[in-house]
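Visitor: Mind having a look at this structure? Questions to follow.
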Amino acid sequence: MIFTSFEFVIFFVLVLAGRSLCRSLPAEKWFLLVASYVFYMSWSVPFCLLILATSLVDFAVGLGLGGMEDQRKRKLLLTVSLLANLGVLAFFKYTNFLLANVESVATLFGTHLNRWHYDIILPAGISFFTFQSMSYTISVYRRQIPPCRSARDFLLFVAFFPQLLAGPIVRAADLLPQIYHRVRANIYEIESGLSQFALGAVKKIVISDQIAPNVDLIFSNPANYDGFTLWQGVLGYAVQIYCDFSGYSDMAIGCARIMGFHFPENFQMPYSAASITEFWQRWHISLSSWFRDYLYIPLGGNRKGTARTYFNLIVTMLLCGLWHGASWNFVLWGGLHGLSLTTHRLWKNWKPLSALNEHAAFRWVWTPFSHLLTLGIVLVGWVFFRAQSLPVAVQYLGRMLGWSHDGVHLLSPYILPAVLAVFVTHLLVQKDRNWALEIPQRPMFLRIGFYSALVLLICLLGVTDSVPFIYFQF
Amino acid sequence: MSTKARFVFVICAAVLIASAASHLISRWIGLPQPGAAYRRIGPENGPQVFCAGSSLLQFGLAWPEISTALGQGMENWGIGGSSPSEWEMSQPLATNANLMIIGVSVYDLNEYHLSNFRANIVPLTQTIQDLWRAGINRQFAKRLVSQYPLAYMRALFPTAGNSDAVLVGLRRKIPANLRANAAAEDRANAMVVPKDAVMEFGASTEKLSDWPRAKTLRRLALMRSETQGVHVFTGPKQLALHRMLQRAQAGGRNIVVVLPVSPLYVHEFLTPEVTRQFEASLAEVQKNFPAAQIVRLDQLPALQSDEFFSDPVHLNGAGRDLATAAFLEAVKPHRPPP
């Protein structure tokens, strides 16, 4: 059941109706919990038990941490939670990757091993719910939040359906208090939730799903196409993945707001970033801040000297890459971003830069160049992210950057208009504006115009065959 | 006006404006309307021939010639991108038929290839029964059933779920208004369904073999995304085909024409396993309905070239002439006396 399907619309209307019939707060919470598990069961019934088991472990660890003063025992309890979550993640996501690498290393040393491969089905949303659950135990361990005393509330925090499958990864400190108290949306929140949901649907079914077949075509066999077409392919993928994932986040945030819950924003015009550091402050914000707070800072952050800071940045981004998928492509993608972040930090700390920045002429040249450079790095990264294998990615980049003239010249009628629309929006719209929140405060005729345009776009150009979101595979 | 009333007004007004715009655009670009278009040719007196098939059959044979050769009038209820599930619904309308010509192919018997108007034509109960009997996978069943709410939504927004047709319509319409010559050239090559109720379909001069590689790749990508690259021949379409043959058997003769698809399509989509499954489904038809005559135009050596196709699945004018001659030759021994 994905957000853009009729099934989900029916499910969501039933949830709203059912919730409004609940007389007491406990009844409402039980209802939302059951609804969330029913939602997950539309993907997989047996894996519900997995969410239940990991949630119960973390709930018990949280309770234990709350009543314990001995620091050694507290550390041990936290280790139990981390091992349970990371163990589940490692088993389902990385077993085959690990075995394939062991086999390759053994072959390198002249030992032939029989090919190991297990048919392991990746539970939908596993990377998201394990991270969300871990953030709770770490926060309780750090005494940033008190432990949750109700198993029902904690299960609902982990499994709450709008964010269960692909985030945003909502911190316990943000969501648990909303679960403890009865929240209800007012008319403004319902309208802004609806408009954010509709905006997300436009991004997903009008832009992302519409250009996906053409992008897939180009990436399926890059050797077939000339340099222009390959540039078009990677620009198309940049737009496809942005609209797909930010569309999902918008719909999740919109659904939650209609019910009165507030989730943090996950994307803020990432392609308008003037540096790779800024890009990560605008792209998948809930994940990048998770890695910052629970990995980069515990590693020492920038408090242990320059060399250690760069090391920490690269390690964090390599693991962020690996989080996205069990393949060297993702590790390289993370590595590229890690290197770019360290280079940017070096550049920012370069003393003559502050003097140069005072010259208007320098800024005039540097500002557009920094935007283009950032976009260039991001695009090169997307090639590793999307290509089927490392050799294909290298081949793709070689032909694209070399502006190869041989091969088919494909001019997609969908990709270029979509790329233009998304990039112009990124350039023209103020970076931190949130239309969904602003529109309900505008005059009536503007609201009617905006909403009818969204509905018309969906009804004219929306792809109705439910295409799963790209981030579901992570 | 209270805040709540203002909110309701805004939402209703937005939906109404979008609905009006959707209706206007649909009319402007000439979006195909749900429902079957009745066409006929030949003498109206005496028993008629009921022709059931998609555009592959309509454009694949020269109906005036066939009607003359058979000496009978012919009737057809055409539906865009249709298959046995939809044709079955028009079978009871052919009350005076003593012969059924049913055109099938590996393309339109593929269960994963769905007509946009299926939900407008096939009752939901029939679909559920067929899905139950065929035991088809859950994902596909969901795809099929979700066509029904979409069909209801189309009363308000006729363009909903029809983005390919909208984009094609816009691309055809906008140059038509901007550049008259280019549009005229497009029209000369396009396969246009006749507006009159006559079973005479234009002969396209376009050749798939002349298509630029980029256009071919784009079309194949679209076809692949529509069917998810899957070919399955057991499901609601197969059940509907068997029911049609069963009913027609009681009323007269049956001819099943197996229409060809281009060598390009065969190369891109038909693995040996898919071909085996298709042959198995035809063998089952032959086994269950031994009286039905199966005409295998798909095995005609003369048509094994992209030169005879106007796109990956439709025959062009030259291909149609070859197919018609072969069809008439195959049905000749059964021709009724003049």
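The values are calculated or read from the model by the stated rules, or taken from the named source; none is laboratory data. Everything quoted here is computed from the prediction, not taken from an experiment. Glycine also receives a Cβ, built like all others from the backbone with ideal geometry; neighbour counts cover every protein chain displayed.
Visitor: May I ask you to list the residues in region A:406-438 that are within 14 Å of chain B (Cβ to nearest Cβ) and either over 18 Å from A:Gln232 (Cα atoms) or polar (S, T, N, Q) (or both)?
Guide: Correct list: A:Ser412 only.
Visitor: Checking B:Trp132 against (1) hydrophobic (A, V, I, L, M, F, W, C); (2) surrounded by fewer than 17 Cβ atoms within 10 Å (Cβ to Cβ); (3) within 14 Å of chain A (Cβ to nearest Cβ), only one condition comes out false. Which one?
Guide: So the condition that B:Trp132 fails would be (3).
Visitor: Out of all the residues in region B:135-151, is one or more within 14 Å of another protein chain (Cβ to nearest Cβ), at pLDDT 85 or above and closer than 30 Å to A:Tyr225 by Cα?
Guide: no
Visitor: So, one more: Which number in (1) at pLDDT below 90; (2) under 22 Å from the mean Cα position of the chain (by Cα); (3) surrounded by 14 or more Cβ atoms within 10 Å (Cβ to Cβ); (4) outside any loop (DSSP other than H, G, I, E, B) marks the one condition that A:Val467 misses?
Guide: Of the numbered conditions (1) at pLDDT below 90; (2) under 22 Å from the mean Cα position of the chain (by Cα); (3) surrounded by 14 or more Cβ atoms within 10 Å (Cβ to Cβ); (4) outside any loop (DSSP other than H, G, I, E, B), the odd one out for A:Val467 is (4).
Visitor: Could you say whether any residue in region B:304-320 is over 21 Å from the mean Cα position of the chain (by Cα), part of a helix (DSSP H, G or I) and surrounded by fewer than 20 Cβ atoms within 10 Å (Cβ to Cβ)?
Guide: Looking for residues that are over 21 Å from the mean Cα position of the chain (by Cα), part of a helix (DSSP H, G or I) and surrounded by fewer than 20 Cβ atoms within 10 Å (Cβ to Cβ), one finds at least one in region B:304-320, hence yes.
Visitor: Which of (1) over 16 Å from the mean Cα position of the chain (by Cα); (2) within 14 Å of another protein chain (Cβ to nearest Cβ); (3) in contact (Cβ under 8 Å) with a residue 12 or more places away in the chain is the odd one out, the single condition B:Leu31 does not satisfy?
Guide: Evaluating B:Leu31 over (1) over 16 Å from the mean Cα position of the chain (by Cα); (2) within 14 Å of another protein chain (Cβ to nearest Cβ); (3) in contact (Cβ under 8 Å) with a residue 12 or more places away in the chain leaves (1) as the failure.
Visitor: Quick check: anything in region A:381-388 in the same structural domain as A:Pro213 (by TED's automatic domain parsing), in a helix (DSSP H, G or I) and of a type in the set (Val, Ile, Thr)?
Guide: Scanning region A:381-388 turns up at least one residue that is in the same structural domain as A:Pro213 (by TED's automatic domain parsing), in a helix (DSSP H, G or I) and of a type in the set (Val, Ile, Thr).
Visitor: Please list, ordered by first then second residue, the pairs with beta carbon atoms under 8 Å, 6 or more apart or interchain, first in region B:69-81 and within 22 Å of B:His314 (Cβ to Cβ), second crowded, with 23+ Cβ neighbours inside 10 Å and among the acidic types (Asp, Glu).
Guide: B:Ile79/B:Glu86; B:Gly81/B:Asp108
Visitor: Can you tell me which residues in region A:77-99 are surrounded by fewer than 19 Cβ atoms within 10 Å (Cβ to Cβ) and in contact with a Phe, Trp or Tyr (Cβ under 7 Å, 6 or more places away or on another chain)?
Guide: A:Thr95, A:Asn96, A:Leu99
Visitor: Could you pull out the residue among A:Leu428, A:Leu420 that is under 30 Å from B:Thr216 (Cβ atoms), among the aliphatic types (A, V, I, L, M) and free of Cβ contacts under 8 Å to residues at least 24 places away in the same chain?
Guide: None of the others qualify; the one that does is A:Leu420.
Visitor: With the structure loaded, tell me whether A:Ile458 is at pLDDT 90 or above, within 22 Å of B:Ser19 (Cα to Cα) and within 11 Å of chain B (Cβ to nearest Cβ) or whether it fails that test.
Guide: Yes, satisfied.
Visitor: Further question: From the list A:Asp432, A:Asp406, exactly one residue is part of a loop (DSSP other than H, G, I, E, B) and either within 24 Å of A:Ser340 (Cβ to Cβ) or under 23 Å from the mean Cα position of the chain (by Cα) (or both). Which is it?
Guide: Within the list A:Asp432, A:Asp406, the selection yields A:Asp432.
Visitor: Can I ask one more? Might you let me know whether region B:229-249 holds any residue that is at negative phi, in contact (Cβ under 8 Å) with a residue 60 or more places away in the chain and within 14 Å of chain A (Cβ to nearest Cβ)?
Guide: Checked region B:229-249: at least one residue is at negative phi, in contact (Cβ under 8 Å) with a residue 60 or more places away in the chain and within 14 Å of chain A (Cβ to nearest Cβ).
Visitor: Here's another thing I want to ask about it. Based on this model, can you work out whether A:Ser327 counts as surrounded by fewer than 18 Cβ atoms within 10 Å (Cβ to Cβ), under 30 Å from A:Pro123 (Cβ atoms), assigned by TED's automatic domain parsing to the domain that holds A:Arg399 and touching a residue at least 12 places away in the same chain (Cβ under 8 Å)?
Guide: No, not satisfied.
Visitor: Read through the list (1) touching a residue at least 12 places away in the same chain (Cβ under 8 Å); (2) farther than 25 Å from B:His242 by Cβ, then give the number of the only condition that B:Gln293 fails.
Guide: It fails just one condition, (2).
Visitor: Another question, then. Scanning region B:4-15 for residues that are of a type in the set (A, V, I, L, M, F, W, C) and facing another protein chain (nearest Cβ under 8 Å), which turns out farthest from B:Tyr152 (Cα to Cα)?
Guide: The residue in question is B:Phe7.
Visitor: Exactly one of these conditions fails for B:Val168: (1) at pLDDT 85 or above; (2) within 11 Å of chain A (Cβ to nearest Cβ); (3) over 21 Å from B:Ile17 (Cα atoms). Give me its number.
Guide: Among (1) at pLDDT 85 or above; (2) within 11 Å of chain A (Cβ to nearest Cβ); (3) over 21 Å from B:Ile17 (Cα atoms), the lone unmet condition for B:Val168 is (1).
Visitor: Follow-up question, since we're still on this one. Got a sec? Which helices (runs of 4 or more DSSP H) wholly within region A:205-293 have at least 1 residues that are within 15 Å of the chain's Cα centre (by Cα) and buried (at least 20 other Cβ atoms within 10 Å of the Cβ)?
Guide: Passing ranges, in order: A:227-258, A:276-282, A:285-291.
Visitor: On to the next question. Residue check, A:Arg115 against (1) over 29 Å from A:Leu25 (Cα atoms); (2) at pLDDT 90 or above, all met but one. Which one?
Guide: Here A:Arg115 meets the rest and fails (2).
Visitor: Another question, if that's okay. Would you point out the residue of region A:368-413, among those that are among the polar types (S, T, N, Q) and modelled with pLDDT under 85, that is surrounded by the most Cβ atoms within 10 Å (Cβ to Cβ)?
Guide: That would be A:Ser412.
Visitor: Taking only region B:209-251 into account, find how many residues are in contact with a Ser or Thr (Cβ under 9 Å, 6 or more places away or on another chain), at pLDDT below 90 and among the aliphatic types (A, V, I, L, M).
Guide: 2
Visitor: A further question follows. If A:Pro168 passes every condition in (1) part of a helix (DSSP H, G or I); (2) touching an Asp or Glu at 6+ places or on another chain (Cβ under 9 Å); (3) under 24 Å from A:Ile297 (Cα atoms) but one, which one does it miss?
Guide: Result: A:Pro168 passes all but (1).
Visitor: Pick from region B:257-296 the residues that are touching a strand residue (DSSP E or B) at 6+ places or on another chain (Cβ under 6 Å) and either charged (D, E, K, R) or over 22 Å from B:Leu239 (Cβ atoms) (or both): which of them is surrounded by the fewest Cβ atoms within 10 Å (Cβ to Cβ)?
Guide: B:Arg296
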